[in-house]
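Below is one structure; the comments refer to it alone.
The values are calculated or read from the model by the stated rules, or taken from the named source; none is laboratory data. Because the structure is a prediction, the values reported are computed rather than measured. With ideal geometry, Cβ positions are generated from the backbone for all residues, glycine too; neighbour counts draw on all protein chains shown.
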Amino acid sequence: MKTIPFLTVTLLTMAVWSQAAEIEFHVPVPVSRIALDESDFAPFADAVMSEVAPRLAQEDPVVSLKMLLAMQVHIALHRGEAQSALVAAKRIQASLPEGPIHDYAGLTARALVHAQQSTGRRSGDSAFNKVFADEFAAQLATLPKTPKIRTVLEQQVAKYTALTVEAVHREIAAFAETFGTRDHCTLEEADQLVRWRHRLADLVPLRDEILWCLEAAIAVRQERN
């Protein structure tokens with residue numbers, strides 16, 4: 001087997017980081033508005049996907065595949081692009097080792113897609129939220145009845161308990177202060193902006209339903225274990 005010198009590996013790694021760092025997106029408005037305002041987020045998301053989609057198709061080694069897939073899931077869900085969201089979510093799940101996290105991965109995305117397709121509406125609408133909750137609960141019921149799954153569900157409860165409008169706004173404000181007046185952001189920064197928009201527009205309006213479903217699933221597993 002041919003051995004690659006450590007210095008060569010280091011230089012190759014640095015080159016990968018350098019190329020990833022060169023991926024930038026124009027930010028024509030105060031950066032917080034990308035996450036807070038739908039009219040500013042939509043064209044930004046278009047620009048991001050024009051960069052992400054070909055890299056996913058080529059399995060570009062320059063950047064994290066998991067990050068690119070997560071961006072695709074979040075943007076596709078936000079746009080109501082069911083197939084794109086499901087394919088990316090499935091690829092993320094396939095990349096995870098077998099176990100409770102693998103089993104749980106993708107449940108929220110699948111329930112969101114089901115609600116979108118069934119109602120033609122968005123998170124926060126009463127009909128959408130009901131269909132989402134029914135589907136999410138049904139999917140949670142298929143998970144193994146094990147202590148390890150219960151632990152994953154408890155971690156999700158902690159995550160969604162902390163997911164409030166106020167908390168997300170604080171994170172965005174802190175980011176914007178550090179970001180300053182730059183007119184470009186990196187791929188990693190774009191990923192964070194996409195996540196915040198996804199949380200505010202798609203997840204926060206479902207927070208009560210998600211917590212109810214998770215807590216019910218935990219209760220069943222407590223009774224049986």
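Give the residues of the range 168-188 that are assigned to a helix (DSSP H, G or I) and either crowded, with 19+ Cβ neighbours inside 10 Å or among the small types (Gly, Ala, Ser) (or both), sorted by residue number. Val168, Ile172, Ala173, Ala174, Ala176, Leu187, listed by residue number.
Residues Ala176, Ala217, Ala190: which one is of a type outside the set (Lys, Arg) and touching a Leu at 6+ places or on another chain (Cβ under 6 Å)? It is Ala217.
Suppose we filter the range 54-72 for residues that are of a type in the set (A, V, I, L, M, F, W, C), in a helix (DSSP H, G or I) and at pLDDT below 90; how many remain? So the answer is 3. Could you look through the range 170-184, keep only residues that are closer than 19 Å to Arg199 by Cβ and touching a residue at least 60 places away in the same chain (Cβ under 8 Å), and pick out the one that is nearest to the chain's Cα centre (by Cα)? So, considering only residues that are closer than 19 Å to Arg199 by Cβ and touching a residue at least 60 places away in the same chain (Cβ under 8 Å), the one nearest to the chain's Cα centre (by Cα) is Ile172.
Put simply, of Ala109, Ala127 the only residue that is among the small types (Gly, Ala, Ser), under 23 Å from Leu187 (Cβ atoms) and modelled with pLDDT of 95 or more is Ala109. Within the range 89-129, the residues that satisfy the criterion of being crowded, with 17+ Cβ neighbours inside 10 Å, assigned to a helix (DSSP H, G or I) and touching a residue at least 40 places away in the same chain (Cβ under 8 Å) are Pro100, Asp103, Tyr104, Thr108, Leu112, Asn129. Step by step: first the residues of the range 130-147, then only those that are at pLDDT 95 or above and charged (D, E, K, R), then the one that is surrounded by the most Cβ atoms within 10 Å (Cβ to Cβ). Which residue is that? Top of the filtered list is Glu135.
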